[in-house]
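Every number in this text was worked out from the coordinates using simple rules, so none of it is lab data. All values derive from a computational prediction rather than experimental measurement. All Cβ positions, even for glycine, are placed from backbone atoms using ideal geometry, and neighbour counts span all protein chains on display.
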Amino acid sequence: MRTTPLILLSDEERSILTMWAHSRSIPLRLVQRAQIIQMAATGMFNRDIAREMRISRPTVQLWRERFLAFRLAGLEKDAPRPGRIPRIPEKKVRAVVEATLHTTPPHATHWSVRSMAKAQGVSRMAVQRIWKQYNLKPHLIRTFKISRDKRFIEKLYDVVGLYMNPPDKSIVLCVDEKSQIQALDRTQPGLPLKKGRCGTMTHDYKRNGTTTLFAALSMLDGKVIGDCMPRHRHQEFIRFLKKIDAETPTGLDLHLIVDNYGTHKHPRVKSWLRRHPRFLLHFIPTSSSWLNMVERWFREITDKRIRRGSFRNVSELIAAIKGYLDNHNQNPHVFVWTASVERILTKVVKCKEALGTLH
């Protein structure tokens with residue numbers, strides 16, 4: 001006659017099982033398993049436990065054996081299941097991945113789910129599952145630009161050094177112009193945000209003029225000196241330098257990080273700088289606007305105040321920009337540079353190596 005294996009519990013196991021069996025905060029399945037083992041430990045047979053708990057005898061047998069094999073850990077997790085046999089063979093999966101990575105469809109620049117499904121003779125859902133499994137996103141693309149500045153490393157050390165180890169008795173300012181900001185007014189009023197629906201605005205608009213925002217972001221406290229002007233020539237740049245001179249402490253040197261726009265190197269600008277020796281310009285490498293931290297602040301004002309705004313004229317646009325500036329300076333956010341020169345150069349080298357393998 002077949003006998004049921006005897007279950008002997010330690011004091012710790014008995015305490016934990018009692019807690020599980022009477023708990024109201026753990027899954028019901030774990031409560032049920034703990035009760036099965038408690039009854040089995042008293043010597044009850046499987047059929048009696050099944051009758052008492054109104055479950056099948058094989059279920060009782062399963063969790064008795066799981067406890068004997070793995071103890072308490074065997075009750076917390078279900079046994080692994082083999083799962084469904086894949087309908088798509090591994091060879092076909094590899095073919096989809098290889099085609100995605102190394103080919104393009106005829107008369108198109110990239111694969112879509114449907115074009116790949118048609119080419120490989122599988123369903124579009126199968127293609128979606130394969131792309132998700134291998135993290136393939138042929139519909140997305142990222143842009144990049146590697147600087148060809150011959151003095152790239154020299155300028156990189158200069159600018160990053162200002163960010164991470166600024167000179168004593170000086171202020172580091174990131175300066176740039178956001179030109180051609182358009183005062184756009186929508187042709188029709190949009191619908192407001194409501195429950196279950198986002199706000200709306202018409203895709204077409206009226207152009208009501210432009211302005212240029214000159215901005216100088218302080219790396220010390222995050223405050224921004226800003227001014228709006230109709231153009232961005234050397235005359236306007238000199239006027240903005242005078243504004244910076246008036247709004248900063250006179251006893252400190254001013255290190256300005258700027259790009260290579262011709263206005264910043266105009267002879268009259270150089271002449272003005274010679275007459276104001278506390279101004280020191282540091283030029284970022286060409287095609288490296290990411291090195292100028294004021295670009296990060298430009299993104300903030302664009303996303304939060306300009307892009308979704310509606311302005312009937314340039315005056316309204318300028319008022320909105322100045323309002324954002326005042327609000328920002330009341331509670332400024334300090335942008336902290338963390339990337340070292342070595343880390344940046346390592347990424348540049350890897351990028352160049354990856355580009356070299358494509359040719």
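Assuming R0 = 45 Å, what is the FRET efficiency of LYS350 and ASP48, from their Cβ-Cβ distance, to the nearest 0.05?
With R0 = 45 Å, the Cβ-Cβ based efficiency is 0.10.
Hey, what D do you get for the range 178-262 in µm²/s if you plug the Kirkwood alpha-carbon radius into Stokes-Einstein at 4 °C and 1.567 mPa s?
Stokes-Einstein gives a translational diffusion coefficient of 80 µm²/s.
Which FRET efficiency value, to the nearest 0.05, is calculated for VAL334 and LYS132 with the Förster distance at 35 angstrom and r the Cβ-Cβ distance?
Rounded to the nearest 0.05, the efficiency is 0.35.
For ASN313 and ARG231, what is the calculated FRET efficiency with R₀ set at 22 Å and r taken between the beta-carbons, to the nearest 0.05?
FRET efficiency, ASN313 to ARG231: 0.80.
With springs only between Cα atoms under 10 Å, which of MET53, MET293, MET116 fluctuates most in a Gaussian network model of the chain?
Result: MET53 has the largest fluctuation of those listed.
Give the long-range amide H neighbours of ILE257: residues separated by 5 or more places, or on another chain, with amide H under 5 Å away, using H modelled in the peptide plane at 1.01 Å from N.
For ILE257, whose amide H was placed from the backbone, the distant partners under 5 Å are LEU173, CYS174, VAL175, HIS282.
Return the sequence-ordered ³J(HN,Hα) values of the range 177-190 in whole Hz as given by the Karplus equation 6.51 cos²θ - 1.76 cosθ + 1.60 applied to θ = phi - 60°, using x for Gly and Pro.
My calculation for the range 177-190 gives 10, 9, 8, 6, 6, 8, 7, 9, 10, 6, 6, 9, x, x Hz in order.
In nm, what is the difference between 0.36 nm times the number of residues separating ARG299 and LEU28 and their Cα-Cα distance?
92.5 nm
Highest GNM mean-square fluctuation, the chain, Cα pairs closer than 10 Å: which of VAL258, VAL122, VAL60?
It is VAL60.
May I ask for the distance between the Cα centers of the range 182-257 and the range 20-52, given as a whole number of Å?
The range 182-257 and the range 20-52 have Cα centres separated by 69 Å.
What is the set of long-range amide H partners of THR248 at a cut-off below 5 Å, with H atoms built 1.01 Å from backbone N?
none
Could you pull the Rg and Dmax for the range 90-133, using just the Cα atoms, both in Å?
My reading of the Cα-based Rg and Dmax gives 9.4, 28 Å.
Would you mind working out the magnitude of the charge dipole of the chain relative to its Cα centre, with +1 at each Lys and Arg C-beta and -1 at each Asp and Glu C-beta, to the nearest 20 Debye?
I would put it at about 1600 debye.
I'd like the distance between the alpha-carbon centres of the range 135-166 and the range 77-125, rounded to an integer number of Å.
Distance between centres, Cα-based: 36 Å.
P(r) for the chain, please, calculated from all Cα pair distances in 10 Å bins and given in %.
4, 15, 15, 14, 15, 13, 11, 8, 4, 1, 0
Please list log₁₀ I(q)/I(0) at q = 0.11, 0.12, 0.19, 0.20 Å⁻¹ for the range 76-235, using the Debye equation with identical point scatterers on the alpha-carbon positions.
Rounded to two decimals, the profile gives -0.95, -0.97, -1.15, -1.21.
When the distances between all Cα atoms of the range 260-358 are binned every 5 Å from zero, what whole-number percent does each bin get?
Once binned at 5 Å, the Cα pair distances of the range 260-358 give 2, 9, 12, 13, 13, 18, 16, 9, 5, 3, 0.
Which of the listed residues, GLY251, VAL60, SER289, is farthest toward the dipole's positive end in the chain, when Lys, Arg count +1 and Asp, Glu count -1 at the beta-carbon?
Working it through, the farthest residue towards the positive pole turns out to be VAL60.
Under a GNM of the chain (C-alpha, springs under 10 Å), which listed residue has the highest mean-square fluctuation: LEU213, LEU30, LEU156?
LEU30
With the Cα gyration tensor of the range 11-76 in hand, convert its eigenvalues to equivalent ellipsoid semi-axes via √(5λ) and list them largest first in whole Å.
17, 13, 11
Between SER123 and ASN260, what is the label-point separation in nm under the 7 Å Cα-to-beta-carbon projection?
Roughly 5.5 nm, to one decimal.
Of ALA69, PHE45, THR18, which is farthest on the positive side of the dipole of the range 11-76, counting Cα position, with +1 on Lys and Arg Cβ, -1 on Asp and Glu Cβ, and the Cα centre as origin?
About the Cα centre, the residue reaching furthest to the positive side is PHE45.
Sketch the reach of a paramagnetic label on GLU12 as a point 7 Å from Cα along Cα-to-Cβ, and name the residues of the range 57-74 whose backbone nitrogen lies under 12 Å away.
Answer for the range 57-74: 72-73.
Points 7 angstrom from Cα along the Cβ direction at ALA79 and ASP326: gap in nanometres?
7.3 nm
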